[in-house]
Structures are given as structure tokens and as C-alpha cells.
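What follows is a set of notes on a single structure, which appears directly below.
What follows draws every value from the coordinates through simple rules; no lab data is involved. Remember, it's a predicted structure, so these values are computed and weren't measured experimentally. All Cβ positions, even for glycine, are placed from backbone atoms using ideal geometry, and neighbour counts span all protein chains on display.
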């Protein structure tokens, strides 16, 4: 932990707790819905110092640190920011996080650091995420960013997938002097960061700036290569890689298994977001066109992906965008912040509603969705009240486009093509020790969503960092 002078901690915590809170400045909904630009106005220096000064410096370990999957030393960073020592604060974040400029933008802070801030009891939390964004941006603009590289060991590691888990793993491997090569099925590196998260939440240049750091540190990237199809894990070992890390995430969209699911006008969320938010030159050749949507769009689902689809559809010109969810808003798994922004931008919500059939018009294109009303029954195994159909309540909604945002499943192909690699639950990779990502196949490690199922960018990155430590020990033992 960063050492804070003892005399500094003799502060008036009550005065800090009740210091003025200004909140984030957002672009007006009527303006931001017209483009894919950032929604949040960045903090300036004065604003950052004032906000950081609201931190009351809880005794170690502070609740915000414990709630952060990286265990970032947030109180010390707040102290440095308050002193105007922005680059030092950024360096502090980089000690525990491989992607601070990205996690600071996409983490659900209200559920993590900011949600655990003790100021929530009487006031508003310190804007930890925005301050992390500010200092890492300042660092890149004024001092530059570089990944320190260790003395070359001659060892080579293949990273399957180029998303947050593999990037977290790669940074620490590079620091230990190992050579790393990313293999990804997409043309460009980034995984979910490029092909899943909309630009209004995470600008692509932020991802590519960070990727340039990996390239300068010697990382190699091989795109358009689907491990399990174009080549196997065994092939990687035959190419003289000493270890393999699996960080492919879970990218198979969940199906509804209802009539009409394959109609023109019915999109899977991944395809819709990829083609709606990404520069066409970065897309696979068979996806280099924008999704065609009509005036009336329905998004099915209640998670963050559903909110992303709602907001993307509005920016693509839809006039009426509605989210259908089979439970109530209280049970929605997605973040409240994104959902509120979707509402401000014009999205509507229809709860306790379950689609049962997609209906084609005379031209064969989607024209309507038949739905049934639901009610909440008894809690299921996870404690969520189970939705129960209301008999005889069927009705239809006229619609031009439907987007299924129902969650994701793992791709079983790696498990099916890798002898000795144990999987479970339709393709999730089994690890004998989740803390370090050791799999049942010697020399193969795994982390991120392909191990846990769908989770956060930050948890994927952290799991990659932990696996890197295990890979380093494994390579040293060979």
C-alpha cells in the first residue's frame, strides 16, 4: 500500500463526508442519442482534486479496496490525486490492474468500489471510476505508458483469445521476460472490448492505445485464427509454445428455442452489437455491413447486453425501442446506471412478458412477436422468483426488428479438440485451482468467462493475471 503521511490522516472526516458533491456531467440525452460518442464529460484537473478530497481515508483495508476485484489501493490514489500527483496515482493503479483505463470506464462501480464507499450512508460515494479514468488518461497524454519487459527467458506462451483475460495474463508474462503470442478468431485484438462493448461506453481508441502498449512490449497477434477449428491446442505445442492460456470468453448467444427464431429481422445480440458499433474494416468479411433495422425494435433480455442493444438501436435510427423482460425491473441483472441512461434516451420497458413465437409478414420478414403475460412465483434455486405463464394471456406486438440478449454460452470446440482438457456445463473449462487457472491438461491454463461463465471485464483480467503467475512458475520448473 502507498504510504500516506501520518499527519495527513489527521483529517476532519466529518467535513470531508459532507463536502459538496457535484456528480458526473453527462451529455443531454437528445444530443448523445444522435451519435456513438462518449456519454460522460471527462473530469478536469480542478474537479478531480475536489472530488478526490471527499475521500475520508477509511482504516486499512478500506471497503472500496476490498470490493475492487483488483484490490486497487484506492485511498492512496485519492490522496495522490488530491495533491495533483496524477501520474503517480496512475502508476499506483497499474501495480494491480492491467487495464485501468478500460476497467475505470466499464466496471459497474455502483456494485463494486463506489457501492462499498462508506459515504453512501450519509451522502454520495467518491467517484472512484471517473478519477481512475482521469489519471490514466492524463498519464498517457503527458508521460506515456509502457509495459516493463523482463530479461528474455526464451519461453513462449500462446494466448487463445485477445480479450481482457489474455491481456491481463500477457502483461505479467511480458514483465517476467516470456514471449507471448495472441491468437484470436477476429481480425483485430480486443475481444469483447472491441466487438461487444459499444463505443458510447468504451471508445475503441482507448482499447487500441492499450493494445499498442502490448505491441511495443513485443507481444504478437495472429488474427482470423479460430483455435479448435483452424488449428488446435496440440498444434500450438507443436509450434514450440511452452504453455497455453485459454481466455476465449463465452461468445455463443443463448437460444430461445421458439418458432420463428430464424426469421429475417431477428438478431442475436453479439451480431447486432458487432455490426452496429464496430468499424466495418475491423469485422470479419461476412459481417461488414450495418444491421438493417426498422422503426419498431424489441430487445429481449434484462442484462447489460440488453441495455447496450437498446441504446445502439436508438442510435441507429429506430423510432420505437422496447425492452421485454419476463420478470420485473427489481429482478433485472443489468446495471441500473445503463438502464437509466437507456430510459433517458427513449427506450421503453415492458415487464412480466415472455415471447413465445416470432411471426412473419407476407414478405417473410419479422412482423410481430406473440407474447404471454407472466407472474412471479416461488423463488428458484438462486433465490430469484420464478416467472410463471398466465394461461390465456397471449397477445401480439407489431415489430420490425427483434434482438435476443439472453446471455451467453461457451463454445465447446476447444474442449472437443484438446485431449486431456476437461470441461463441464456445455464447454466451460474445468480448473483444478480457480485461483491460478490450472486445467487438467499439463501446460494449459485458463481464466475469465470460459472458466466462470459470463462475468465482468475486471474479473476476467484479474484471473488472467493470477494465471500468469502460475504459468511463470510452471515455465521455471520445466
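Here the extension length gained between residue 225 and residue 422 equals 68.7 nm, from 0.36 nm per residue of separation less the Cα-Cα distance.
Look at where the Cα atoms of the range 255-314 and of the range 349-410 average out, and the two centres are 17 Å apart.
Can you give the extra length, in nm with one decimal, that the chain gains between residue 111 and residue 46 once fully stretched, where that is 0.36 nm per residue apart less the Cα-Cα distance?
Result: 20.7 nm gained on full extension.
Using the rule -39500 (n - 2.57) for each DSSP H run of four or more residues, divided by the residues of the chain, the 222 nm mean residue ellipticity is -9500 deg cm²/dmol. Spatial offset of the range 160-192 relative to the range 447-475 amounts to 11 Å, using the alpha carbon center of each. Compute the distance in nm between two label points, each set 7 Å from the Cα along the Cα-to-Cβ direction, one at residue 413 and one at residue 477. Simple spin-label model gives 3.2 nm for this pair. In terms of surrounding Cβ atoms within a 10 Å radius of their Cβ, 82, 110 rank from fewest to most as 110, 82. Distance between the modelled labels on residue 215 and residue 442, one decimal in nanometres: 3.8 nm (7 Å Cα→Cβ projection). Fully extending the segment from residue 290 to residue 146 would add 48.3 nm, taking 0.36 nm per residue of separation and subtracting the current Cα-Cα distance. For the range 95-121, the residues whose backbone nitrogen is under 15 Å from a point 7 Å from the Cα of residue 71, taken along Cα to Cβ, are 95-98.
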